[in-house]
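The values are calculated or read from the model by the stated rules, or taken from the named source; none is laboratory data. Everything numeric here is computed off the predicted structure, so don't read it as measured data. Cβ sites come from the backbone with ideal geometry, for glycine too, and all protein chains shown count toward neighbours.
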Amino acid sequence: MAILKIARMGHPVLAEMAKPVSDPKNPGIRNLVNDMVETMMDANGAGLAAPQVHVPLRVVVFQAPSERADPGLGEDEQYDHTAPLTVLINPEIAILDPTPEGGWEGCMSVPGLRGWVERPAHIRYRGFGLDGEVIDRVARGFHARVVQHECDHLDGRLYTSRMDDLSRLIFESEIRHFQKAG
Ligand code: NI
């Protein structure tokens, strides 16, 4: 296992369309995923996409722990809002409710910054796991946000290109000034 070098905003690999994986069970994909998970954990990140480690393939890893979900959710509500550490290969997203919801996002390829991004808050996603099994889930809240953020990387998009108010692109050390305003 190894901690991989992260491509930062401006590197062309982040603007490419990533290619589908032909065989999710290929050992090379498992090695890539192991290194991506280690790299994400080392940075305390919520998600990482293969193009961010200079590999233009349709592979993402993410997690949506209960600490990141909205406080005050009931136990059954929490289900769609959380996800364990997940590997998703060749993912596809369907928007179940286009009503946008705003939230702060960060990205290992845009270090030190946070941006306020509006995204649909209710989606369904499908893809394959490392054993070739189908993953098919409904996601809401932070869970829906992290999946959309990571899958955007596969289409060459960073969260900054989803922002419509760049006054809300800030250094993370200044986020306290915004927290009351939401
Ligand atoms: Ni990112």
Residues of the stretch 147-178 satisfying the condition of being under 16 Å from residue 118 (Cα atoms) and over 12 Å from the mean Cα position of the chain (by Cα): 160, 161, 162, 163, 164, 165, 166, 167, 168, 169, 170, 178
Single residue of the stretch 77-117 satisfying the filter (among the acidic types (Asp, Glu) and more than 14 Å from the chain's Cα centre (by Cα)) that is nearest to residue 47 (Cα to Cα): 80
Selection count where residues are surrounded by fewer than 13 Cβ atoms within 10 Å (Cβ to Cβ) and within 16 Å of the ligand (Cβ to nearest atom), scope the stretch 156-171: 1
Members of the stretch 18-32 that are away from the ligand (no atom under 16 Å from the Cβ) and not in a helix (DSSP H, G or I): 19, 20, 21, 22, 23, 24, 25, 26
Candidate set from the stretch 33-78 (those that are small (Gly, Ala, Ser) and away from the ligand (no atom under 14 Å from the Cβ)); member that is nearest to residue 148 (Cα to Cα): 64
Odd one out for residue 127, checked against (1) among the small types (Gly, Ala, Ser); (2) buried (at least 16 other Cβ atoms within 10 Å of the Cβ); (3) in contact with a helix residue (DSSP H, G or I) (Cβ under 7 Å, 6 or more places away or on another chain): (3)
Test for residue 105: is it away from the ligand (no atom under 16 Å from the Cβ) and of a type in the set (Asp, Glu): no
Among residues of the stretch 133-182, those that are at positive phi and touching a strand residue (DSSP E or B) at 6+ places or on another chain (Cβ under 9 Å), counted: 2
Test: residue in the stretch 128-136 that is more than 12 Å from the ligand (Cβ to nearest atom), closer than 23 Å to residue 100 by Cβ, over 13 Å from the mean Cα position of the chain (by Cα) and outside any helix (DSSP H, G or I): no
Residue match in the stretch 105-121 (condition: of a type in the set (Ser, Thr, Tyr), buried (at least 18 other Cβ atoms within 10 Å of the Cβ), touching a strand residue (DSSP E or B) at 6+ places or on another chain (Cβ under 7 Å) and not in a strand (DSSP E or B)): no
Per-region count, the stretch 18-33, residues closer than 15 Å to residue 127 by Cβ and basic (Lys, Arg): 2
Neighbours by Cβ (under 8 Å, 6+ apart or cross-chain): first from the stretch 90-113, among the aromatic types (Phe, Trp, Tyr); second within 14 Å of the ligand (Cβ to nearest atom) and at pLDDT 95 or above: 104/114; 104/115; 104/117
